[in-house]
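Structure, as structure tokens:
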Amino acid sequence: MFRCGIAYPRCRWILPLLLLFAIIFDIIAIAAQSGWVEDENAKTHYASMWKQCRGRNDQWECKSLMEFSWAQAVAALMIIGLIILILAFIISVVALCCTLNIPLLPLIGGFLIVAVIIQIIALIIYPVMFNDLIYEGYYDYTWAYGFGWGATILMLGCGILFCCLPRYEDELANAAKVKYLYTSA
């Protein structure tokens, strides 16, 4: 019978794989040239984390957002969160896939919770300051901004699981007793 859960040794690679997806999502959000904010159908105005562009058809005039301190803070916080996430990923691969190192798991969870807090701050600062400074009508926060939130949610879930995994040390080490649901008298 096939059993798979986060507590079983053959499924220890799931959390590092989820962290790898979070890294990919974070890189997409940070590197996107558009897709954080758009006016209706991106007809006259769109913005990324780095710049905003105005215009029509093929004539766009782009201006860097890095002249604003809030945009610099958002970029710095997102990059710091990505660096912490990559560090947590590397440690998780070593702790779960190469060898079983249970004491490292809460450390990984702590790193991820710190990265989540940092990125939530960045993802909240951006729309608040964008709306206060640049708002000129109806805007949508679109796909790249969504990838930032997706990475943050994945990190939060993985951080909670890494903090809970030490409770299942015997199952992870394949030393737990078999539990039977039915016994005959």
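Structure notes:
- Under 5 Å from the amide H of residue 35 lie the amide H atoms of 47, each residue being 5 or more positions distant or on a separate chain, with H modelled from the backbone and absent for Pro and chain starts.
- Förster radius 35 Å - calculated FRET efficiency between residue 44 and residue 153 (Cβ-Cβ, nearest 0.05): 0.65
- Simple Cβ-charge dipole of the stretch 24-66, Lys/Arg +1 and Asp/Glu -1, about Cα centre, in debye nearest 20: 160 debye
- Global geometry of the stretch 35-142, whether rounded, prolate or oblate, following the gyration tensor of its Cα atoms and the 1.5 cut on a/c: prolate
- In percent, rounded to a whole number, the relative contact order of the stretch 1-148 is 31, using alpha-carbon pairs under 8 Å and six or more apart.
- In the full protein context, the stretch 1-132 carries 51 Å² of accessible surface per residue, based on a 1.4 Å probe and ignoring ligands, DNA and RNA.
- Relative contact order (%) - the stretch 12-59, alpha-carbon pairs under 8 angstrom, separation at least six: 24 percent
The values are calculated or read from the model by the stated rules, or taken from the named source; none is laboratory data. On a predicted model such as this, the values are computed, not experimentally measured, just so you know. Heads up, the Cβs are rebuilt from the backbone with ideal geometry, glycines too, and the neighbour counts pull from every protein chain shown. In case anyone asks, the SASA skips ligands and DNA or RNA and just uses the protein heavy atoms, side chains included. Shrake-Rupley method; radii C 1.70, N 1.55, O 1.52, S 1.80 Å.
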